[in-house]
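Q: Let me begin by handing over the structure; questions about it come next.
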Amino acid sequence: MNWLEALNSKLSKGGAYISSTLFVALVVLVMTEIIGRSFFDYSTMLADEYSGYFYLGAVFFGLAFTFNEGGHIRINIVTSRLSKNKQRLIDIFAGSLATIILGFALYYGFLFMADSKDMEMLSENVSETPLWLTQIPITIGMSLFLFASFVFTLKRIFNDK
């Protein structure tokens with residue numbers, strides 16, 4: 001179990017580093033666009049499109065780390081009044097349900113990415129970016145989140161808070 005937790009920690013931290021890097025890249029891109037337009041009458045013509053891609057990537061790569069750090073919203077008005085064993089059972093149920101739902105989301109996210117690649121779909125903007133490239137962070141981020149949810153559920157099953 002410890003090796004799964006260590007792997008989960010390393011993977012989620014890697015996702016958090018990528019997420020942070022994407023946020024910095026987003027800020028640099030927007031600042032470049034602002035400075036270019038304000039002082040040089042120049043536009044990258046990509047800032048609007050790519051800032052959306054960077055934001056999407058940052059969000060999905062950060063999901064697992066946020067989950068592991070307890071940063072997702074958790075309603076515990078009812079569970080806080082229950083015994084530790086009942087809280088554990090609810091955690092197991094919620095973790096199992098989340099893992100199943102994330103599995104479906106990952107599966108369909110992967111199919112979405114594969115279809116975009118097979119149909120050679122391009123963005124409708126100036127860059128004509130292949131859309132499957134922009135959907136890779138969805139698949140990877142969802143995989144990391146699924147793994148984090150799975151490890152959480154296993155920890156609660158084996159009562160390893």
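Any read-out appearing in this document is the output of simple, stated calculations on the displayed coordinates, not a laboratory observation. Computed from a predicted model, the values in this text were never measured in an experiment. With ideal geometry, Cβ positions are generated from the backbone for all residues, glycine too; neighbour counts draw on all protein chains shown.
Q: Quick one: if the Förster radius is 30 Å, what FRET efficiency do A94 and T21 give, using the C-beta to C-beta distance and rounding to 0.05?
A: Efficiency, from the Cβ-Cβ distance: 0.45.
Q: In the chain, how many lysine pairs have Cα atoms under 22 Å apart, counting only pairs 8 or more places apart or on different chains?
A: Here the count comes out as 8.
Q: To the nearest 10 degrees, how steep is helix 131-157 against the longest Cα principal axis of the chain, on a 0 to 90 scale?
A: Between the helix axis and the principal axis of the chain, the angle is about 10 degrees.
Q: Also: Going by the alpha-carbon gyration tensor, a ≥ b ≥ c the square roots of its eigenvalues, is region 67-161 rounded (a/c under 1.5) or, if a/c is not under 1.5, prolate (a/b greater than b/c) versus oblate?
A: Values: a/c = 3.77, a/b = 2.90, b/c = 1.30.
Prolate is the answer for region 67-161, as a/c is 1.5 or above and a/b outweighs b/c.
Q: Order the peptides 134-141, 97-104, 146-153 from the highest to the lowest mean number of other Cβ atoms within 10 Å of their residues.
A: Working: 134-141: 20.1, 97-104: 14.9, 146-153: 21.6.
Those peptides, ordered most packed to least, come out 146-153, 134-141, 97-104.
Q: Also, I was wondering about something else. Treating each Cα of region 1-110 as an identical point scatterer and ignoring solvent, apply the Debye formula and state log10 I(q)/I(0) at q = 0.14, 0.18, 0.19 Å⁻¹.
A: Scattering profile of region 1-110, log10 relative to I(0): -0.77, -1.02, -1.08.
Q: Enter the angle in degrees (range 0 to 90, nearest 10) between the Cα long axis of helix 2-39 and the first principal axis of the Cα atoms of the chain, meaning the one along which they spread out most.
A: It is inclined by approximately 30 degrees.
Q: Please arrange K13, K84 by counting, for each residue, the other beta carbons lying within 10 Å of its beta carbon, fewest first.
A: K84, K13
Q: Also, I was wondering about something else. Angle, helix 47-68 long axis vs. longest principal axis of the chain, Cα atoms, 0 to 90°, nearest 10?
A: Long axis of 47-68 versus the principal axis of the chain: about 10 degrees.
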